[in-house]
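Single-structure report; data block below.
The values are calculated or read from the model by the stated rules, or taken from the named source; none is laboratory data. None of these values were measured; they are calculated from a predicted model. Note that each Cβ is placed from the backbone with ideal geometry, even for glycine, and that neighbours are counted across all protein chains shown.
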Amino acid sequence: MPSAPTTSDAILACAQSLIMAGGYNGFSYADIAEVVGIRKASIHHHFPGKADLVRALVARYRRDAEAGLAALDRQVADPAARLRAYLGYWEACIADARAPICVCALLASELPVLPDPVAIEVRAHFRTLAAWLASAMERGAAEGSLRLADTAAVEAEMFMATVHGAMLSARAYGDAGMFGAITRPVLHRLAG
């Protein structure tokens, strides 16, 4: 039975929504206090500074993403189907606006101005995702379900860049369908 959300959970959830809406510098503790219904001092009690808050948020996001990728590994044996499921997850998130963009992709665009502890977490997310994609691609190539034009590591980076770019395009055009329009041909090339 899941435990009830804590004040810390509410602060992190609010911060994530605010970051997705306006980036790292697009919110303040006053914004969170108003949405969550607490005083700024309460936020400082849990997260002394904004960098602490966003680092904790990205660390939690990374743990959740890693758990999701591990679940895909357990539930979907075929690497091509695994990549399709990964794209399907994001396509659904963008379509229903529950997660219209990867928090780490958004923060990566702000790396030059992010505090080092946050930047380290963001980069770690990219490394983890790239390794997972490369592993799926290596396995798919070995089993014959994927055709790689380059090394698995390079293909993984191209795939990841396409996914994140498709998120940005969907956002820029205000059209969730852009995500699939951009990502489906890449998967078709790999699995076709």
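Residue pairs whose Cβ atoms lie under 9 Å apart, sitting 6 or more positions apart in sequence or on different chains, and linking a residue in region 84-97 that is within 15 Å of TRP132 (Cβ to Cβ) and in contact (Cβ under 8 Å) with a residue 40 or more places away in the chain to a partner that is part of a helix (DSSP H, G or I) and among the hydroxyl-bearing types (Ser, Thr, Tyr), are LEU87/THR183; TRP90/THR183. Here ALA65, ALA33 are screened, and the one residue that is buried (at least 17 other Cβ atoms within 10 Å of the Cβ), touching a Ser or Thr at 6+ places or on another chain (Cβ under 8 Å), without any contact (Cβ under 8 Å) to a residue 12 or more places away in the chain and not in a loop (DSSP other than H, G, I, E, B) is ALA33. Determine if region 10-28 includes at least one residue that is farther than 20 Å from ARG98 by Cα, surrounded by 13 or more Cβ atoms within 10 Å (Cβ to Cβ) and without any contact (Cβ under 8 Å) to a residue 24 or more places away in the chain. Checked region 10-28: at least one residue is farther than 20 Å from ARG98 by Cα, surrounded by 13 or more Cβ atoms within 10 Å (Cβ to Cβ) and without any contact (Cβ under 8 Å) to a residue 24 or more places away in the chain. Restricted to region 68-102, and to residues there that are under 14 Å from ALA166 (Cα atoms) and of a type in the set (Val, Ile, Thr), the residue that is surrounded by the most Cβ atoms within 10 Å (Cβ to Cβ) is ILE94.
In region 7-22, the condition of being closer than 19 Å to PHE179 by Cβ and part of a helix (DSSP H, G or I) is met by at least one residue.
Among the helices (runs of 4 or more DSSP H) confined to region 81-192, the ones with at least 3 residues that are at pLDDT 95 or above and more than 30 Å from LEU53 (Cα to Cα) are located at 116-143, 152-173, 177-191. Could we say that ALA70 is in a helix (DSSP H, G or I) and either in contact with a helix residue (DSSP H, G or I) (Cβ under 8 Å, 6 or more places away or on another chain) or of a type in the set (Phe, Trp, Tyr) (or both) here? Taking the combined requirement at face value, the residue does not satisfy it.
Of all residues in region 47-62, exactly one satisfies the criterion of being free of Cβ contacts under 8 Å to residues at least 40 places away in the same chain and of a type in the set (Phe, Trp, Tyr), namely PHE47. Yes or no: region 1-13 includes at least one residue that is touching a helix residue (DSSP H, G or I) at 6+ places or on another chain (Cβ under 7 Å) and among the charged types (D, E, K, R). Checked against the condition, which is being touching a helix residue (DSSP H, G or I) at 6+ places or on another chain (Cβ under 7 Å) and among the charged types (D, E, K, R), region 1-13 yields no hits at all.
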